[in-house]
Number of protein chains: 2
Amino acid sequence: MAEKQIEKINNVIVTEFAKTIEMFDLSPSEARLFSILYLEGKPMTLDEMSKALGKSKTSISMGIRNLLDLNLVSRVWKKGVRKDLYVAEESLYKKFMTSFIHKWLEATTRQKLSLKEIEKDLEVKKELFTGEEMDEEFYEAFSRLKEMIAFHQSIEKAFKQIKPPSKFHSNIQD
Amino acid sequence: MAEKQIEKINNVIVTEFAKTIEMFDLSPSEARLFSILYLEGKPMTLDEMSKALGKSKTSISMGIRNLLDLNLVSRVWKKGVRKDLYVAEESLYKKFMTSFIHKWLEATTRQKLSLKEIEKDLEVKKELFTGEEMDEEFYEAFSRLKEMIAFHQSIEKAFKQIKPPSKFHSNIQD
DNA sequence: TTTTTCGTACAGTTTATTCTGTACGAACTT
DNA sequence: AAGTTCGTACAGAATAAACTGTACGAAAAA
């Protein structure tokens, strides 16, 4: 099989896989970088990745740092090799899903709390201003607010349902 | 209660709520537009929204169209009113979650299939080229590919778990 | 029919994001 | 110590995204 052909197949795989990775809120370049590294399987240097992606080393350096921050990549050390080496994390599902769920829960919880603060505030005001002319508008907004909070509640519930498995389990079938 | 103050509270609510909406892959402006419309509760015209957001009518027109495409907003008609009127959908959770889950399932399923195509292709090549020098590299990529497919499988499974309720149910507690 | 009001297509501008080249400190090699 | 090789900070260039003003067809009003 010609080198060219392998190259080509790899490119298709990477492109396809990167699309999925992008859905976890990585930029297209970050997604591609991760995909390359993951497909490669073994540690790579900045220069290798730079060459593989056709981008500047600076760019790769930045990208790798982001992936490191997200715990999707780690630096490894190999005897005799001076350059930094990086590998993609193995446990795809665990890593991605965990941080995905975490992100959602954190955000919705926070926003729900903010809305509840406002609600509490309005509860007080409601007491003071019963029987004025802006009541209708006021109650309207108030009930919307309750709905928004309930919305957040439901989202939280949904994401808590998804339990990331403690270890990546391959159920390759169907 | 002064107009200014109501204005201010509304602004806080909208800002906070928009953050959540953004997480469903809407742009910041789209999210804000939806939020305004939702909080308002009653139908609004392009001009009203334009004023409320401080953006050009063109911009609102585009934004509303996107929201329409996503089924998050609908056009309503009111006797005697010539301008187009729009309202935000009521069933927040159902609308957002349904399209969210749908988006994920569609994408991952599609990508999984692409990868399986490639896999099938490689299966064939594997037969023809046993005992050559590139076998190691080949098998490496091959096993990665299997892992990627399994990854997609797991994502599918996770999202299928989340069943959007047929109707929005408020469970306001906790 | 003529005039006004609406909504949106289009083109150009502004703003934000991503990428690159240069430069420099740190660590390794000789 | 002098010379290489690395990684990254920084500033500017390229690219992409968001927004706006003008213009025009369709529909309503006069």
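The values are calculated or read from the model by the stated rules, or taken from the named source; none is laboratory data. A quick note: this is a predicted structure, and the numbers were derived from the prediction, not measured. Methodologically, a virtual Cβ is constructed for each residue, glycine included, from the backbone with ideal geometry; neighbour enumeration extends over all protein chains shown.
Some observations on this one:
- B:ALA88 being under 24 Å from A:SER154 (Cβ atoms), buried (at least 18 other Cβ atoms within 10 Å of the Cβ) and more than 16 Å from DNA strand D (Cβ to nearest atom): yes
- Sole residue being out of contact with any Phe, Trp or Tyr (no Cβ under 7 Å at 6 or more places or on another chain), more than 7 Å from chain B (Cβ to nearest Cβ) and modelled with pLDDT of 85 or more, chosen from A:GLU156, A:GLU127, A:GLU132, A:GLU136: A:GLU156
- Odd one out for B:LEU46, checked against (1) within 26 Å of B:ASN11 (Cβ to Cβ); (2) away from DNA strand D (no atom under 16 Å from the Cβ); (3) touching a Lys or Arg at 6+ places or on another chain (Cβ under 7 Å): (2)
- Of A:SER29, A:SER35, all but one fail to be farther than 21 Å from B:GLU137 by Cα, under 22 Å from the mean Cα position of the chain (by Cα) and surrounded by 14 or more Cβ atoms within 10 Å (Cβ to Cβ); the exception is A:SER29.
- Checking each residue in the stretch A:91-112 for being more than 10 Å from chain B (Cβ to nearest Cβ) and in contact with a His (Cβ under 9 Å, 6 or more places away or on another chain) picks out only A:THR109.
- A:ALA18 within 13 Å of DNA strand C (Cβ to nearest atom), more than 10 Å from chain B (Cβ to nearest Cβ) and within 21 Å of B:GLU156 (Cβ to Cβ): no
- Any chance A:VAL73 is within 13 Å of DNA strand D (Cβ to nearest atom), closer than 28 Å to B:LEU105 by Cα and of a type in the set (A, V, I, L, M, F, W, C): yes
- Residues in the stretch B:1-26 that are among the polar types (S, T, N, Q), under 30 Å from A:PHE24 (Cβ atoms) and either buried (at least 19 other Cβ atoms within 10 Å of the Cβ) or over 22 Å from the mean Cα position of the chain (by Cα) (or both): B:THR20 only.
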